[in-house]
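Reviewing the structure listed below.
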Amino acid sequence: MGENQELIRAAIEAMGYAYTPYSGFQVGAALLTEEGKIYSGCNIENAAYSPTNCAERTAFFKAVSEGERHFAAICIVGGKNGVLTDYTAPCGVCRQVMREFCDPKTFRVILAVNEENWKEYRLEELLPKGFGPENLWEA
Ligand code: THU
């Protein structure tokens, strides 16, 4: 099994845990560290709506809170009621969280419908001219 296939499987499995009583739109993410470990995440909605956390940020925050800082790729799957018919791209807030921890030129974002149908982007394609940690470095 290829690396992307393993990530796609993990993302689909994570989608099964999505808590989506309001939108019904289930998302799963699988975040790969540079050392090869996978952290998964699902979206978690809230009755007050705005506290909702996307699957991608769930995966990042799980990983960072366990000491991880170096990431190679993330795979994202999503669909209404968990039915995967199209590619689900990360929202702007999640792209910005990726920008905090990942090199835009090398970090891979894999959008998948199933193990055979996926598209891969570099973060810089999805968040061009982004604002990142280095903007705050001392001159
Ligand atoms: N959602 C994600 O989890 N990730 C995305 O990249 C897009 C949106 C979730 C948030 C909310 O629970 C549902 O999808 C509908 O917006």
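Which order do peptides 118-126, 3-11 fall in by mean Cβ count within 10 Å, highest first?
On the way: 118-126: 15.8, 3-11: 21.1.
Averaged packing, sorted descending, gives the order 3-11, 118-126.
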Which value, in Å³ per residue, describes the convex hull spanned by the Cα atoms of region 14-110?
94
Under-5 Å amide H pairs with Phe107, H placed in peptide plane, nonlocal only
Leu123
Quantify, in whole percent, the carbon and sulfur part of the accessible surface of region 63-103 (1.4 Å probe; protein heavy atoms only).
48
Average accessible surface area per residue within the chain, 1.4 Å rolling probe, Å²
55
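Report the number of Lys pairs in region 12-139 whose alpha-carbons are under 21 Å apart, with separation of 8 or more residues or on distinct chains.
Values: Lys37/Lys62; Lys37/Lys105; Lys80/Lys119; Lys105/Lys119; Lys105/Lys129.
Going through region 12-139 pair by pair, I get 5.
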Report the Stokes-Einstein translational diffusion coefficient (µm² s⁻¹, integer) for region 79-125, Rh taken as the Kirkwood radius over Cα pairs, at 4 °C with viscosity 1.567 mPa s.
111
Show that you can apply the helix-only estimate: for the chain, add -39,500 (n - 2.57) for every DSSP H stretch of four or more residues, divide by all residues, and state [θ] at 222 nm to the nearest 500.
-7500 deg cm²/dmol
With a 10 Å radius around each residue's Cβ, average the other Cβ atoms per peptide and rank 128-135, 91-98, 53-60, highest first.
53-60, 91-98, 128-135
Mind listing the phi-derived Karplus ³J(HN,Hα) values for region 35-40, rounded to whole Hz, using 6.51, -1.76 and 1.60 with θ = phi - 60°, and x for any glycine or proline?
8, x, 8, 10, 10, 9
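The values are calculated or read from the model by the stated rules, or taken from the named source; none is laboratory data. From a predicted model like this one, the values you see are computed outputs, not experimental measurements. Note: ideal-geometry Cβ built from the backbone for every residue, glycine included; neighbour counts use all protein chains shown. Quick note on the areas: whole protein, heavy atoms, side chains included, nothing else; ligands and nucleic acids left out. Shrake-Rupley method; radii C 1.70, N 1.55, O 1.52, S 1.80 Å.
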